[in-house]
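Chemist: Could you have a look at this structure, given as structure tokens, before my questions?
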Amino acid sequence: MSPTDESSTDGGVQLSDDQLFGQLADSDSVELSGRERLARILDAYVLAPGRVAWNDWRTRLGILIIALFVLAGTVGPRVIEAPATNQAPTNHPPFEGGFGAITEDGGWIDLVQISVGSVSLPWLSFEFPLGADNYGSPIGRQLVHATPDMLEMVVAGAIVSVGFATIIGVTAGYKGGRTDSFLMYITDIVMTMPGLPLVIVIAAIYPPRQAWLVGVILAIDAWPGLARALRSQVLTLREESYVEASRTMGLPSRTILSRDVIPQLMPYVLINAAQAGRKVIFESVALYFLGVLPFTTANWGIMMDTAYSEAFALVDLGNFYQLLWPMSAIVIISFGFILFSQGMDRVFNPRIRARHTKKVGGGDEQPPTE
Amino acid sequence: MSEYVGRAREGVAATLGFLAGFDYYWRKIGHAFVTLISVTTITFALFRLMPGNPAQAMRAQFESQLEGSGQAADPEVLDQMVQVHTGFDPSQPIYMQYFEYVRDIVLYQDFGQSIQYGDPVFDILFRAMPWSVFISVYGLALGYSTNILLGAAMAYKEGSRFDGTMTVVATFLNSIPYYVGALLFLAFFAHDLGWFPSGGRYDTSIEAGLNPAFMASIVHHGALPIMSSFIVGFGGGALAMRGNSVRILGADYLRVARLRGIGSVRIATRYVARNAILPLYTQMMIGIAAVFSSSVVLEYIFTYPGVGWYTFDAINMRDYPLLMGSFLFFTIVTLIGILLAEFTYGIVDPRAGSGGENESY
Amino acid sequence: MTRSLSDHEIRGDPESILEVSDLDVTFDMDRGESKVLDGVSFEVHRDEMLGIVGESGSGKSMFASALLNAVVDPGRASGEVIYDDPDAGPVDVLSLSEDQLESFRWEEVAMVFQGAMSSFNPTMKIDEHFEETIQAHGEPMDDRMAHARELLSNLYLDPDRVLGSYPHELSGGMKQRALIALSLVLDPEVLVMDEPTAALDLLMQRSIMNLLDNLQEEYDLTIVFITHDLPLVAGLADRLAVMYAFEFVEYGPSEEVIRDAAHPYTRALLKSVPSVDAALEDMNPIEGESPDPVDTPAGCSYHPRCPLADEQCVAEDPDYHDVGEDRGAACFHWERSSEAVEYKLGVDPVVPDEPSRAVRGDEETVVSLEDLEVHFDQSGFIDRLFDQDATVRAVDGVDLEIAENEVVALVGESGCGKTTLGKTAIGLQEPTAGTVRYRGHDVWEAKRGEGEIDHDRIRRALQIVHQDPGSSLNPTRTVRTSLAAPLKRWRSDLNSSDRETVVHNLLERVGMKPAEDYALRFPHQLSGGEKQRVVLLRALLMSPDLILADEAVSALDVSLRVEMMELMLSLQELFDTSYLFISHDFANARYLAEESGGRIGIMYLGNVVEIGPAEEIIHDPKHPYTKVLRWATPPLDPDAAQEARETEPPIREIDIPDPTDPPSGCPFHTRCPEAREVCREREPELTASEGEASLAACFREDEDHAYWESEPIVEGSSGENAS
Ligand code: SF4
Ligand code: SF4
């Protein structure tokens, strides 16, 4: 199997390109069925990353948490009644009746029978399990009904900040020169501006009334860090031999960016999208809590504000649960985001992914001999 | 002769090199200045140029005030009132207003006059500033020291139970917003247990001055806010430090140093810590902006009258000059912090300012 | 697989300073236990220079680490390493306590690693490294620092300057020498060097080797020199030991081993190494692959690749057979090896009579460079303010024409501008002055849309193969997608299964079988040689007219280089292309250029100083710099090596001058041994001397030049050198 073994194709006679490629493409051509191709793509881009992600308990937990909130944000409002004042007694405590409430009548949880068609099944019925606020509005319902707006904010904020950062960072890194200096100057300026006060000033002057707009305004100062990171990544990647080779092959910049550059940036982009999501949640809640934003959308921050300034939950610790629930929601969803973003790092590592692809070529693990 | 010429040349080269070394610092200072001007411009633009702007709102406010007190609203009187508070004259062309606004800020530190307090904005904020800086700097310093120590410890014990647990704990702490921390501290340490006061900068019953009781009271009042801004400084830094340290623990020069028999203390400080901290610097620069930002919320929660508290107050009272002024103050304080960080970076990392700057070609 | 040496050889031999017996190093891996040293027994003699040669992955670095009991975690070393302390008697290094090890290392045995670039703490000045070492071992500071200064100046470094610098302020060669000084500062008995010169230029490597030779004599050192580069140590080492598959297969006095190696592997290795003196027909790659440490073949580990292998070799593990005095080879059939694998060392330099193809000039010119200049401005704002010029003249006025199907090899030290020149020639780097033409059309005019030729055509015709196979392929894409990219872009007539077929056929052609399997691999699942073959194929799939091969084989193991170059040449015929081959290694350039009847160009500080047919440049160099490079390329033949070892390096300065401040006149005058005063003032042009096809830029070529009347430059009188 000497690689230099020349078969009959050339005996010093120069072939034209067409002849050569014709010959190369002719001999026992490889047929790939469409299904096989699809299966291959599916395996490489969907199943393998999925397996990598699922293999790590932290990523798994992150995915589960995010899925839970997405579920609460999409299906939740449809199955759970909208909150309103005086649905429950004011300052109704959570888990009223403790564990005993399951068997006894009344309390926060009861066993009931529901009938589906002609069969009746045992079912659980909840009665303000998380309690109610100062106005008798049940907290559990408020939490769920605030979720769609929260998600809208997060998605809008993440898309805008990450999109902006990617455009700026990649352009600066790839173009270099004056474009680069200019863009980075702007980035540095935004980076050194204190973000929250800026957002507060803007929000105070032009109060945003839609959830997505809140997300966008919060994204204003969320992009510089990522833009810088992406730029330095692109600067390194641009010098990578394979990018230069692609350029030498005359591939258009668009193709090079989308095939050689962006895929390497995906870990950063996704991690930062998750971080941006977390930041949007943190800041929006803070602003609603401060009362800077108009109470036109539902938000956990509004619940905290009510608990803090109406129910005096800090002074009257009996009402502390009214603060605790929204705070837990924030902490749990950000925890989910962080775990998810950490897991993405693994998913995008081709070494780890190859181990989870079905068609592994050969031993990919080299022992440390040198 | 040629030796002499050579030496002279070397001398000139050294001088030039010395100045070129300062190139780094000059650039940073220039950069900070440009940022300041940009922020001033943005403030001005927000304040003045956009439709439905605060200046007009303010005018309308005065108008209704005057009307309420039964006076006729004379446009000139209104213009004058607006000018007193904002420092610029609405009847002038916009570029003149901009020029005067910047001139007043740069030359006379004139940020306008607060509507609700009637005092110059600069005086109010200048008195409040040290308190915000006190809280933020301590919070940041504590947060970063913890990051460094914890991250290094995790790296040394890489793969151990301690490492695994602390990674999860650090991740979890990272998902707690600072104000949630603040509320928890306040509820338990101040209201429930009563260990710390729930608000204020110091005990007003103690005579202010350099006496121990007063100092103690400042620390006592500052403890909870500092703890909360510690959460901001903490961020994800410990994990980053861990990553850096792990990388450096595997570096060639560390292996060589161990073989040379260098003591473990020196390796930990001079080799691992020193090199692992460098990348954290960039993060810290963003951290400085973040920690000052957070003071708006924290000072509100702890009723701690610093710049952040006045910002909040200004929003509530629609006191636009104060709001704009505090925004500028935040920027200036942040810029100074970042400049300090960058200057020390030049000392800590010998490679700063040489190379790496000519990436673009 | 334990080899036994007689007891007499292991213990109490007054000659030996380190005795290794039954040394195993193992790593636990997911796939099983990986044995990276397998029952090695060996001894190092006092005051010798021992060369250990092996390919990457043969376990040679592990051997080095084990000598200091410094195997990295999670590796484990077992067996015995006895160090015969001249004062305290023998100790087993592997059973020393941490404290004892701390004083043993560096005081008795010191080590120099491969990566000098990263062996210093980047945030500490060099002198601190010396001081802390001295302090840690409780030695008198002033004495030792004086010693350090002496060492540094012995290594041709300016002690004050080096000690006061941060690592990033020194060049690679300087760092490497500083590291050697650092390892000798405590006067150790043994110095273990693990590929210490691998990242350096040939000339620097060679100079360091010479300095080592001096140091060894001066300080009574025992040196263990580990390398993959056989010719590099062959001439200098007293003894050689060859490592294959985690054990020594042959050892003996260097000269004897080189002249008539006993083990089939050693012979094959000698045959596969590109060198400047062996005949081209004699260079052949070793077939097959090195074994995997997790399952090494049973019996003799070389049997899958050995032409002499029989049943005995498969069943039994051979012991060392006495081949001569103090010589051994682990082979049953060593007597027959010389017939089975023949090699010749050194041939008489034959300059062929027939003019080579390069000068025939009947081929059309593909790319031509005229008066090309590429300058990089590196001055900062303040520099400009003070009118300080910090321009790097990477390429400074070069003319070059490359004909169809020609191979041109450019050779020079790093920083000489050869890569910049290459990239400019294929239109990747815009020249600051001069023109680049493709078949007569200005490339940059076409790029701006002003030429009459479509830029796409030019882009397609000029391709590149990079040095580092690791980064030349997109890590997230399979071989198949990487190779399909050029087809997709340029051959829209092929549908996807045609493309698949082309890719498979080509993979098989270059020996990557089964192609179906290789096509689906990611780059990290390929070996370096395989990656480089894929990269070459990718460039060729564009059907280019010229390929810039930038150090294309330098990152490969020595024994794979010939194979890769053969492949390049055979595919050259198939795809009808020219190569511009860039190398810092004379031997590689010679192989490729001479085999194809091409030319070699020598570059120095942005200038081509000599260019001509490969045979002439190799066997009859004219420019003093070419002679230096030629000297730096070690010959395999022991006689020639001995001669080269005895000659002083034909150069006055080891380090290259600052490229932002190049010397006036002839750029080489600061280092040229023949330089005279006139060389400082005037710059020589490329000229041909009578009856020769090559051109050289040196006044010595002109017999009537004012040079011959000029005063020689005397050492020390030149101001530029001192700084
Ligand atoms: S022992 Fe056999 S297989 Fe091994 S090298 Fe000798 S002849 Fe070849
Ligand atoms: S011109 Fe002078 S300095 Fe240059 S190579 Fe020839 S002899 Fe040496």
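Chemist: Pull out the extension gain between residue C:292 and residue C:687, defined as 0.36 nm times the separation in residues minus the alpha carbon to alpha carbon distance; nm, one decimal. All intermediate terms of the calculation are to be shown ahead of the outcome.
Modeler: Working: separation 395, 0.36 × 395 = 142.20 nm, distance 5.33 nm.
The span from residue C:292 to residue C:687 would gain 136.9 nm if fully extended.
Chemist: Return the FRET efficiency for the residue pair residue B:37, residue A:309: r is the Cβ-Cβ distance, R0 is 30 Å, and the value is rounded to the nearest 0.05.
Modeler: Efficiency, from the Cβ-Cβ distance: 0.15.
Chemist: Further, regarding this structure: Over all directions, the average projected area of the alpha-carbon convex hull for chain C comes to how many nm²?
Modeler: Numbers: hull surface 138.5 nm².
If you wrap the Cα atoms of chain C in a convex hull and average its projections, you get 34.6 nm².
Chemist: If N is the number of residues in the stretch C:105-207, what value comes out of its Cα radius of gyration divided by 2.2 N^0.38 Å?
Modeler: Details: Rg = 12.7 Å, N = 103, 2.2 N^0.38 = 12.8 Å.
Taking the Cα Rg and dividing by 2.2 N^0.38 Å, one obtains 0.99.
Chemist: If you take the beta carbon distance between residue C:280 and residue C:213 as r and set R0 to 35 Å, what does 1/(1 + (r/R0)^6) give as a FRET efficiency, to the nearest 0.05?
Modeler: 0.70
Chemist: Now, a different point. Over the stretch C:7-340, what relative contact order in percent results from Cα pairs under 8 Å that are six or more residues apart? Show your work: numbers first, answer last.
Modeler: Working: 599 pairs, mean separation 62.9, N = 334.
That works out to 19 percent.
Chemist: Treat every Asp and Glu Cβ in the stretch C:7-340 as -1 and every Lys and Arg Cβ as +1, leave all other atoms uncharged, and give the resulting dipole magnitude about the Cα centre to the nearest 20 debye. Working shown, then result.
Modeler: Values: 21 positive and 70 negative charges, 260 e Å.
My answer is approximately 1240 debye.
Chemist: Summarise the partner chain shielding of C:694-700 as one whole number: the mean count of Cβ atoms from other chains within 10 Å of each residue's Cβ.
Modeler: Working: counts 0, 0, 0, 0, 0, 0, 0.
Mean shielding by partner chains, rounded to a whole number: 0.
Chemist: From the helices alone, meaning DSSP H stretches of at least four residues, give me the mean residue ellipticity at 222 nm for chain C, per-run term -39500 (n - 2.57), in deg cm²/dmol to the nearest 500.
Modeler: Numbers: 29 runs with 249 residues, N = 723.
Rounded to the nearest 500, the figure is -9500 deg cm²/dmol.
Chemist: Label residue C:404 and residue A:60 with points 7 Å out from Cα along Cα→Cβ: what is the distance between them in nm?
Modeler: 6.5 nm
Chemist: OK, next. Sorted from largest to smallest, which semi-axis lengths in Å does the alpha carbon gyration tensor of the stretch A:157-250 give for its equivalent ellipsoid, taking the root of 5 times each eigenvalue?
Modeler: Working: eigenvalues 208, 38, 15 Å².
Equivalent ellipsoid of the stretch A:157-250: 32, 14, 9 Å, largest first.
Chemist: Here is a follow-up. I'd like the per residue volume of the convex hull spanned by the Cα atoms of the stretch C:454-572, given in cubic angstrom. Don't jump to the answer; show the numbers that get you there.
Modeler: Working: hull volume 11.8 nm³, N = 119.
Convex hull volume per residue, Cα atoms: 99 Å³.
Chemist: For the peptides A:64-70, B:293-299, C:491-497, what is the packing order when you average, over each peptide's residues, the other Cβ atoms within 10 Å and list the highest mean first? All intermediate terms of the calculation are to be shown ahead of the outcome.
Modeler: Working: A:64-70: 15.7, B:293-299: 29.0, C:491-497: 13.3.
The densest-packed peptide leads the list: B:293-299, A:64-70, C:491-497.
Chemist: Rg to Rh for the stretch B:105-157: what is it, with Cα atoms only and Rh by Kirkwood?
Modeler: Values: Rg = 19.4 Å, Rh = 14.1 Å.
Result: Rg/Rh = 1.37.
Chemist: Per the Cauchy relation, a quarter of the hull surface: what is the mean projected area of the convex hull of the alpha carbons in the stretch C:496-539, in nm²? Mind showing how you got there, number by number?
Modeler: Numbers: hull surface 11.7 nm².
With the hull built on Cα positions only, its mean projection is 2.9 nm².
Chemist: What is the distance, in nm, between label points placed 7 Å from the Cα along the Cα-to-Cβ direction at residue B:103 and at residue C:153?
Modeler: Label-label distance for residue B:103 and residue C:153, simple model: 6.7 nm.
Chemist: Roughly how crowded by other chains is peptide B:289-298, in terms of the mean Cβ count from those chains within 10 Å of each of its Cβ atoms? List each step's numbers first, then the result.
Modeler: On the way: counts 10, 5, 1, 4, 11, 6, 3, 9, 10, 1.
Taking all residues of B:289-298 together, the mean is 6.
Chemist: Given 25 °C and 0.890 mPa s, compute D for the stretch C:564-723 with the Stokes-Einstein relation, Rh being the Kirkwood radius over Cα pairs; round to the nearest whole µm²/s.
Modeler: Numbers: Rh = 17.3 Å.
The calculation lands on 142 µm²/s.
Chemist: Pulled fully out, how much extra length does the chain show between residue C:99 and residue C:260, if you take 0.36 nm times their separation in residues and subtract their Cα-Cα distance?
Modeler: Separation in residues times 0.36 nm, less the Cα-Cα distance, equals 53.4 nm.
Chemist: Could you work out the Kirkwood radius for the stretch C:7-340, taking every pair of different alpha carbons, averaging 1/r and inverting it, reported in Å? Each step should come with its number before you reach the end.
Modeler: Values: mean 1/r = 0.0479 Å⁻¹.
One decimal place: 20.9 Å for the Kirkwood radius.
Chemist: Here are some pairs, A:175/C:488; C:175/C:627; A:175/A:279; A:175/C:513; which of them have Cα atoms lying more than 32 Å apart in this structure? All intermediate terms of the calculation are to be shown ahead of the outcome.
Modeler: Details: A:175/C:488 25 Å; C:175/C:627 26 Å; A:175/A:279 30 Å; A:175/C:513 41 Å.
Violating the 32 Å limit, Cα to Cα: A:175/C:513.
Chemist: Could you work out, for the stretch C:283-350, what percent of all Cα-Cα pairs fall into each 5 Å distance bin, beginning at 0 Å and stopping at the bin that holds the largest distance?
Modeler: Going from the shortest bin to the longest, the percentages are 3, 14, 20, 22, 19, 12, 6, 3, 2, 0.
Chemist: Hey, another quick one. When the C-alpha atoms of the stretch A:244-300 are aligned to their principal axes, what extent does each axis show, in angstrom, from largest down?
Modeler: Between the extreme Cα coordinates on each principal axis of the stretch A:244-300 lie 57, 18, 14 Å.
Chemist: Among C:340, C:61, C:124, which residue has its Cα furthest toward the positive end of the charge dipole of the stretch C:7-340, with +1 on Lys/Arg Cβ and -1 on Asp/Glu Cβ?
Modeler: Result: C:124, furthest along the dipole toward the positive end.
Chemist: Can you put C:95, C:103, C:165 in order of Cβ neighbours within 10 angstrom, beginning with the fewest?
Modeler: Working: C:95 10, C:103 15, C:165 19.
Ranked by crowding around the Cβ, least crowded first: C:95, C:103, C:165.
Chemist: Right, here's the next one. Show me the ranking of peptides B:139-146, C:58-65, C:511-518, C:620-627 by mean Cβ neighbours inside 10 Å, starting with the highest.
Modeler: Taking the mean over residues of other Cβ atoms within 10 Å, the ranking is C:58-65, C:620-627, B:139-146, C:511-518.
Chemist: Shifting gears a bit: Restrict the search to the stretch C:424-474; then list the trypsin sites (Lys or Arg not before Pro) that DSSP places in a loop and that have at most 11 other Cβ atoms within 10 Å of their Cβ.
Modeler: Values: sites: C:437, C:439, C:447, C:448, C:457, C:459, C:460; in loops: C:439, C:448.
Passing both the DSSP loop test and the Cβ count: C:448.
Chemist: Something else now. Using a Förster distance of 22 Å, how high is the FRET efficiency between residue A:81 and residue A:328, based on the Cβ-Cβ distance and rounded to 0.05?
Modeler: Details: r = 21 Å, r/R0 = 0.97.
Computed FRET efficiency for residue A:81 and residue A:328: 0.55.
Chemist: Under a point spin-label approximation (7 Å from Cα along Cα-to-Cβ), what is the residue C:492-residue B:211 distance to one decimal in nm?
Modeler: 9.0 nm
Chemist: In the stretch A:161-195, which residues have a backbone nitrogen under 20 Å from the label point lying 7 Å from residue A:253's Cα in the Cα-to-Cβ direction?
Modeler: Within reach of a label on residue A:253, which here means backbone N under 20 Å from a point 7 Å along Cα→Cβ, the stretch A:161-195 contributes A:163-187.
Chemist: To continue, here is another question. Per-residue Cβ counts within 10 Å, from other chains only, averaged over A:249-260: what number is that?
Modeler: What the average comes to for A:249-260 is 4.
Chemist: Please grab the % of Cα pairs in the stretch C:55-125 that end up more than 13 Å from each other.
Modeler: On the way: 1787 of 2485 pairs.
The proportion of pairs with Cα distances above 13 Å equals 72 percent.
Values in this text are rule-based calculations from the coordinates and carry no lab data. Since the model is a prediction, treat every value here as computed from it, not as a measurement. Backbone-built Cβ (ideal geometry, glycine too); neighbour counts: all protein chains shown.
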